[in-house]
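The values are calculated or read from the model by the stated rules, or taken from the named source; none is laboratory data. Keep in mind that what you see is a predicted model, and the values were worked out from it rather than measured. Cβ atoms come from the backbone with ideal geometry, glycine included; neighbour counts cover every protein chain shown.
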Amino acid sequence: MTFSNELVLRAQALLEAYRSDGRKIATAESCTGGLIGALFTDIPGSSKVFERGFITYSNEAKIESLGVDAAVIGHHGAVSAPVAEAMALGALEHSRADVTLAVTGIAGPGGGTAQKPVGTVWFATATRESVYSEMQLFTGSRSEIRMQAVSHALQLLAH
């Protein structure tokens, strides 16, 4: 997948800001399947900031790689605030990052429900001091939803 120039420029600026602050980022990606990590690693010098990425597409991967409680997934579903937060905290615990970002959602074209339609994406960021989560509802094709999620992830990491 090719990233737009605008997205690359935003990622470069983000990485430079984190580098200047001496902070590192780790990601925990589900529906984006590593696109955020791919965007970062397309940028020369990103290793100074991008510490690691977890691609935890299946529930088992979320449980095994990030320590997400199976009961939380069972009760809330993989696409939920509690799971996104647990993914972000798990990435923080299993890395040397200062800030983590997790993303889990339904990119479609199938898999949506009335409560969680296609395009529902939960994001969470975590630091040693706090956790924040929010939901976005994106529209378009599977690829468009995933790229919108990558774009929104950069916005969240910029705060």
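Considering only helices (runs of 4 or more DSSP H) fully contained in segment 21-77, which possess at least 3 residues that are modelled with pLDDT of 95 or more and loosely packed, with under 15 Cβ neighbours inside 10 Å?
Because the criterion is at least 3 residues that are modelled with pLDDT of 95 or more and loosely packed, with under 15 Cβ neighbours inside 10 Å, the helices (runs of 4 or more DSSP H) in segment 21-77 that meet it are 70-76.
So which residues in segment 111-140 are among the polar types (S, T, N, Q), more than 13 Å from the chain's Cα centre (by Cα) and either part of a loop (DSSP other than H, G, I, E, B) or within 17 Å of L66 (Cβ to Cβ) (or both)?
T113, Q115, T127, S130, T139
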**Request:** Considering every residue within segment 141-150, establish whether at least one is part of a helix (DSSP H, G or I), under 10 Å from the mean Cα position of the chain (by Cα) and farther than 20 Å from A17 by Cβ.
**Result:** yes
